[in-house]
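Structure record follows, encoded as structure tokens.
The values are calculated or read from the model by the stated rules, or taken from the named source; none is laboratory data. Fair warning: this is a prediction, and the values are worked out from it, not measured in the lab. When we count neighbours, we look across all protein chains shown, and the Cβ atoms used for this are built from the backbone with ideal geometry, even at glycine. For accessibility, only protein heavy atoms count, side chains too; no ligands or nucleic acids. Shrake-Rupley method; radii C 1.70, N 1.55, O 1.52, S 1.80 Å.
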Amino acid sequence: MEQDKHITILAIESSCDDTSAAVIRDGELLSMVTASQSVHEEFGGVVPELASRAHQQNIVPVVDAALRRAGVDKSELSAIGFTRGPGLLGSLLVGTSFAKGLALSLGIPLVEVNHLQGHIMAHFVHPSEQMVAAMPRLQGVEFRHPQYPFLCLLVSGGNSQIVLVKAYNDMQIIGQTIDDAAGEAFDKCAKVLGLPYPGGPVVDSLARQGNAKVYALAKPNLPDYDYSFSGLKTSFLYSLRDQMKAEGVDSIDALAAKVPNLKEDYCAALQATVIDILMSKLKKAAKDLDIKQVAVAGGVSANSGLRNAILDYAQRYRWQAFIPPFSFTTDNAAMIAQAAYYKYLDGDFCPIDATPYAKTSI
Ligand code: KG4
């Protein structure tokens, strides 16, 4: 029988609260299936133990659906890619153990992927025509990818950093947050306002109806390309607290009943301040390093204000801007599959006894 010359990889992402599987063949994405976990909503944040239990329930049907949609049998797989870290250890353990078990049973290699590098590789994902036809959100999207070296603003619930990307396996963090991440600032301020978790998307939609100039929030003053969001969070809290005191009320809802457009205006001010903080350092880095290829990645890159700001800066400073399609902004296995594919081509496999890691750099 003729040997199958294709390189077909199943990739698994389980670093936080999304169980995702994707199949890539010869660099082209054939399928991606993601199960998100609503169990955390009532707690206002991800509960690690509940996340790992939900991954255990989801992983078999998610992998099964990804293979089925790709029209690929597991006997055709060349390797299993998986997110090894950083992330929640319990969540990572589910994906890692599943990947190892499957690789071992099929006698194929394992490819580990760093979650943060994966986010950046989202810019290189190229879905097949059939996949685009099956996913309305991908229709009309132009799949361009940046040229090395480029700058990537990586902003998620756990990270805010500017990365100089020289190759898929050669990335250097040139600036990062010294405290909270941008997504954390969105989520925590949203919680203060009594908005549901995750707060980022809710802030994004309320901000569209608000006036960013009504409230002035604190911006950090840090050297080089580093970020800080803890002062902004505190100023958000103090501004609301002072206003509640001035109005003689003891809850956000009572304040909202007295002050028209309160939540919308706070969301608009928060979003504009976060974007301002992010963009000023990105602009400085692009200027200092004389790089015109600028990308954004991670969950917060779904923010409409940030996406517009990148496009606006691109026009002003003659950047070539790269914004991932919405489906590949938050945690997803397509980006892990893309990174795993490049590593496979380099023969960069990982041992079967590899254990997940909660924290690491790029
Ligand atoms: O990359 P991601 O899915 O998970 C990791 O942290 O790895 O990012 C999740 C973060 C959350 O903080 C969420 O609130 C934020 O991305 N996010 C947004 C938007 N969509 C997701 N933040 C602002 N605006 C959005 N539209």
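See the values below:
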{"quantity": "Packing-based ranking, highest mean first, of 90-98, 220-228 given that Cβ atoms within 10 Å are counted", "calculated": "90-98, 220-228"}
{"quantity": "Given Lys233/Lys263; Lys166/Lys281; Lys233/Lys287; Lys166/Lys233; Lys188/Lys213, the pairs whose alpha carbons are separated by over 27 Å", "calculated": "Lys233/Lys287; Lys166/Lys233"}
{"quantity": "For segment 20-35, 3J(HN,Hα) per residue [Karplus equation, 6.51 cos²θ - 1.76 cosθ + 1.60, θ = phi - 60°, Hz, x = Gly/Pro]", "calculated": "9, 9, 9, 10, 10, 10, 6, x, 10, 6, 9, 7, 8, 10, 10, 10"}
{"quantity": "For segment 210-280 and segment 10-55, distance of Cα centres in Å", "calculated": "32 Å"}
{"quantity": "Extension gain from Lys74 to Gln57, taking 0.36 nm per residue of separation minus the Cα-Cα distance", "calculated": "4.1 nm"}
{"quantity": "Accessible surface ranking that places the most exposed of Arg53, Arg69 first, with a 1.4 angstrom probe", "calculated": "Arg69, Arg53"}
{"quantity": "Sites excluded, GluC sites (Glu not before Pro) in DSSP loops with at most 14 other C-beta within 10 Å, longest stretch of the chain", "calculated": "143-362"}
{"quantity": "Whole-percent carbon and sulfur share, accessible surface of the chain, 1.4 Å", "calculated": "51 percent"}
{"quantity": "Loop trypsin sites (Lys or Arg not before Pro), segment 127-198, which have at most 15 other Cβ atoms in a 10 Å radius of their Cβ (DSSP)", "calculated": "Arg144"}
{"quantity": "Sequence of Val125, Val192 from largest to smallest accessible area, 1.4 Å probe", "calculated": "Val192, Val125"}
{"quantity": "Ellipticity estimate at 222 nm from DSSP helix runs (n ≥ 4, -39,500 (n - 2.57)) divided over the chain, nearest 500", "calculated": "-13500 deg cm²/dmol"}
{"quantity": "Estimated FRET transfer efficiency (Arg137, Ala254; beta-carbon r; R0 41 Å; 0.05)", "calculated": "0.55"}
{"quantity": "Cross-link partners of Lys191 among aspartates and glutamates (Cα-Cα below 20 Å; sequence separation of 8 or more within a chain)", "calculated": "Asp17, Glu41, Glu42, Asp179, Asp180, Asp204, Asp242, Asp250, Asp253, Glu264, Asp265"}
{"quantity": "Nearest-0.05 FRET efficiency for Phe43 and Leu93, computed from C-beta distance (R0 30 Å)", "calculated": "0.90"}
{"quantity": "Hydrodynamic radius by Kirkwood, which averages 1/r over all alpha carbon pairs of the chain, in angstrom", "calculated": "21.2 Å"}
{"quantity": "Residues of type lysines that Lys100 reaches as a straight line, Cα spacing below 24 Å, ignoring anything fewer than 8 places off in the same chain", "calculated": "Lys5, Lys74, Lys343, Lys359"}
{"quantity": "Per residue accessible area in Å² of the chain, where ligands, DNA and RNA are left out and the probe is 1.4 Å", "calculated": "44 Å²"}
{"quantity": "Degrees, to the nearest 10: 333-345 long Cα axis against longest axis of the chain", "calculated": "50 degrees"}
{"quantity": "FRET efficiency estimate (nearest 0.05) - Cβ-Cβ, Ile7 to Tyr357, R0 30 angstrom", "calculated": "0.70"}
